[in-house]
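The values are calculated or read from the model by the stated rules, or taken from the named source; none is laboratory data. Note that this is a predicted model, so its numbers are computed, not measured. With ideal geometry, Cβ positions are generated from the backbone for all residues, glycine too; neighbour counts draw on all protein chains shown. For accessibility, only protein heavy atoms count, side chains too; no ligands or nucleic acids. Shrake-Rupley method; radii C 1.70, N 1.55, O 1.52, S 1.80 Å.
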Amino acid sequence: MIGRDPMDIRGAHALMDGLIYGNGSAKCAIDTALYDIMGKKKGQPLYRLLGGTNPTVYNDITIGIDEPAKMRAEAEKHVRERGFRILKVKTGIDLQRDIEALTQIRQAIGEEVRIRVDANQGYDLETALTACKELESLGIEAMEQPLPWWDFDGAAELKRRNETTVALMLDESIHSPHDASRAAKLQCADYYNIKLMKCGGLYHGLQIADIAEGAGVSCMVGCMQENKISLTAGISLVAAKKAIIEADCDSFIFFPGDDDGIAGGFTREGGVFTLTEKPGLGIEADF
């Protein structure tokens, strides 16, 4: 990369992809740095550089799998004490236990808080269909990746047979624009979960969002265990694209002290994230 034009992000990806397959996180690091440089060169915050106009993003908080009573207590803490209005609840090990935990959570936090679940490839087709009915009765909005990542045909059948209001989302199935195109052709889902660490950065994330919009599919931007630098890029993507209507960019909150110690990028009040107007990522860090 040394000596190349940092504004040529397409060329940078062509070079990286020509050198090595996959390695999305490493490619995302380069991609994010280049977009940061471009934003600073043009004097624009990243979300505006990408086409956005509103710096405010509403984000969820994740509840991990645990004993149902502990999951309920965690949900109550995030809602009552930390001000989140959207929960993402991990499921997928055992449907009966999942429903017990979700029932307790719903009873504890009331009907106004939005809930979606992430089954992390834990169900088969028939279990997923049963889950949709159970989730609908609890007012759950969406179920993420219930089937194995490779089962595009199963995902398409699940969507065809799902007669509930529960939206279906693909995550592990969507690593690239090619995956998004395949899922769109087969009509596999209502949502795609774009993760910059999966797809290699904003360059391909933007492409996935455009494919989704063309197919009438919505998107969410999710995250791995990341810090505020890459999460600022992800939240900027949410703010920039019409097709992206949900955000699951919460992992920096789980660092000790409720933050990862990196200043700038965005501020948070409960589940409301507001991006900075500083050029590029607006991150204040000296390495």
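Results, tabulated for the structure shown:
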| item | result |
| --- | --- |
| Every residue from the stretch 211-250 that is closer than 17 Å to Pro55 by Cβ and free of Cβ contacts under 8 Å to residues at least 60 places away in the same chain | Val221, Lys228, Leu231, Gly234, Lys242, Ile244, Ile245 |
| Any chance Ala29 is among the small types (Gly, Ala, Ser), within 18 Å of the chain's Cα centre (by Cα) and surrounded by fewer than 19 Cβ atoms within 10 Å (Cβ to Cβ) | yes |
| Candidate set from the stretch 1-34 (those that are part of a loop (DSSP other than H, G, I, E, B) and acidic (Asp, Glu)); member that is nearest to Lys198 (Cα to Cα) | Asp8 |
| Any hit, the stretch 51-58, residues being touching a strand residue (DSSP E or B) at 6+ places or on another chain (Cβ under 8 Å), touching a residue at least 40 places away in the same chain (Cβ under 8 Å), hydroxyl-bearing (Ser, Thr, Tyr) and crowded, with 19+ Cβ neighbours inside 10 Å | no |
| Selection from the stretch 59-76 of residues that are in contact with a strand residue (DSSP E or B) (Cβ under 8 Å, 6 or more places away or on another chain), of a type outside the set (A, V, I, L, M, F, W, C) and either buried (at least 22 other Cβ atoms within 10 Å of the Cβ) or over 15 Å from Cys223 (Cα atoms) (or both) | Asn59, Asp60, Glu74 |
| Residue pairs meeting the criteria (Cβ under 7 Å; at least 6 apart or on separate chains; first farther than 14 Å from Val89 by Cα, in the stretch 117-138; second open to solvent by 40 Å² or more (accessible area, probe 1.4 Å) and in a helix (DSSP H, G or I)) | Leu125/Glu157; Leu129/Arg161 |
